[in-house]
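The values are calculated or read from the model by the stated rules, or taken from the named source; none is laboratory data. Computed from a prediction, not measured in an experiment: that's the story for all the values here. Here Cβ is always computed from backbone atoms with ideal geometry, including for glycine, and neighbour counts include all displayed protein chains. Ligands, DNA and RNA are stripped out before the accessible areas are found, and what is left, the full protein with its side chains, is counted by its heavy atoms. Shrake-Rupley method; radii C 1.70, N 1.55, O 1.52, S 1.80 Å.
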Amino acid sequence: MSSSIFGQVIGVRKFANGDIELDFYHEDEITEYRYSSDPSRLGNFPKELAETLANTLALDICVEIYFGEDGSPTHIELEECDEEDDEEDDEEDDEDFDESTET
């Protein structure tokens, strides 16, 4: 059975040997994915997908990563993140701040 996760890239590390590490935020946790030119590494992420994900850093782009039955990533879908959720969160944060500053 295939599966998917939805979230955003929040960190990228690129190494001189061509490896790429990605921090992916989803469901209130961070998962690290890695592309390596060494095909023997477990959980190796495909280079094309890793580079595409790396390019979404600091953009308002949400990502859905799809995995095959063997747990390997098969493809990704990119979309603009829903700004309404962010605005609602900001309003709630403002309300919490106002309540805490009142005496």
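Within the stretch 58-74, residues that are farther than 9 Å from Ser4 by Cα and β-branched (Val, Ile, Thr) reach partners that are open to solvent by less than 50 Å² (accessible area, probe 1.4 Å) and part of a loop (DSSP other than H, G, I, E, B) with beta carbons closer than 8 Å, at six or more positions or on different chains, in the pairs Ile61/Cys81; Val63/Thr56; Thr74/Gly68. Taking Asp85, is it over 18 Å from the mean Cα position of the chain (by Cα) and at pLDDT below 95? Answer is no for this residue.
Provide a single number: the residues in the stretch 11-50 that are aromatic (Phe, Trp, Tyr), within 11 Å of the chain's Cα centre (by Cα) and under 19 Å from Gly71 (Cβ atoms). Spell out the reasoning first.
Filtering the stretch 11-50 for residues aromatic (Phe, Trp, Tyr) gives 15, 24-25, 33, 35, 45.
Checking which are within 11 Å of the chain's Cα centre (by Cα) leaves us with 24-25, 33.
Now narrow it down to the ones that are under 19 Å from Gly71 (Cβ atoms): 24, 33.
Residues meeting the conditions: 2.
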